[in-house]
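Asker: I'd like to ask some things about the structure below.
Values quoted throughout were computed directly from the atomic coordinates according to the rules given, and no laboratory measurement underlies them. Fair warning: this is a prediction, and the values are worked out from it, not measured in the lab. Virtual Cβ from ideal backbone geometry, glycine too; neighbours counted across all protein chains shown.
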Amino acid sequence: MTNITVSLPDDLAQAAKSAGLLKPEAIESLLREAMRKRQVDQLFATMDRLTALEPKLTEEEIDAEIAAARAERARRR
């Protein structure tokens, strides 16, 4: 388990505390959701780059790109 210290403006810290968002399980949930959103954003950015490529990729090349992206994501876990 890793401990972190976060500096927040007093008003934000108080509002977050009142909303129960400073509890470890709430922070974990917020971070996991942010990470999922980032992965989706990266996927769409990659898709945009792929559609902009000339010449267009074949279906096999697209499958290879998807497999490479999945392998990279698995490697980072």
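Asker: Based only on other Cβ atoms within 10 Å, what is the fewest-to-most ordering of M47, M35?
Answerer: So the ranking, lowest neighbour count to highest, is M35, M47.
Asker: Report the Stokes-Einstein translational diffusion coefficient (µm² s⁻¹, integer) for the chain, Rh taken as the Kirkwood radius over Cα pairs, at 10 °C with viscosity 1.306 mPa s.
Answerer: D = 101 µm²/s.
Asker: What does the convex hull of the Cα atoms come to per residue for segment 35-77, in Å³?
Answerer: 61 Å³
Asker: Test of understanding: ordering S18, S7 by Cβ neighbours within 10 Å, fewest first, what list do you get?
Answerer: S7, S18
Asker: May I ask you to compute the full-extension gain from A71 to L43, defined as 0.36 nm times their residue separation minus their alpha-carbon distance, rounded to one decimal in nm?
Answerer: Extending this stretch completely gives an extra 8.7 nm.
Asker: Using the Cα centre of the chain as the reference point, and only Cβ charges (+1 on K/R, -1 on D/E), how large is the resulting charge dipole? Debye, rounded to the nearest 20.
Answerer: The calculation lands at about 400 debye.
Asker: Quick check on the exposure proxy: order T5, T58 from fewest to most C-beta atoms within 10 angstrom.
Answerer: Ranking T5, T58 by Cβ neighbours within 10 Å, fewest first, gives T5, T58.
Asker: What ³J(HN,Hα) values, in whole Hz, does the Karplus curve 6.51 cos²θ - 1.76 cosθ + 1.60 give for segment 45-54 when θ = phi - 60°, with x put for Gly and Pro?
Answerer: So the J values, rounded to whole Hz, are 5, 5, 4, 4, 5, 5, 6, 7, 5, 10.
Asker: Say R0 is 35 Å: what FRET efficiency, to the nearest 0.05, do E61 and I4 get from their beta-carbon distance?
Answerer: The computed FRET efficiency comes out at 0.25.
Asker: May I ask for the net charge around I66, where only other residues with Cβ less than 12 Å from the Cβ of I66 are counted and Lys, Arg are +1 while Asp, Glu are -1?
Answerer: Here the charged neighbours net out to -4.
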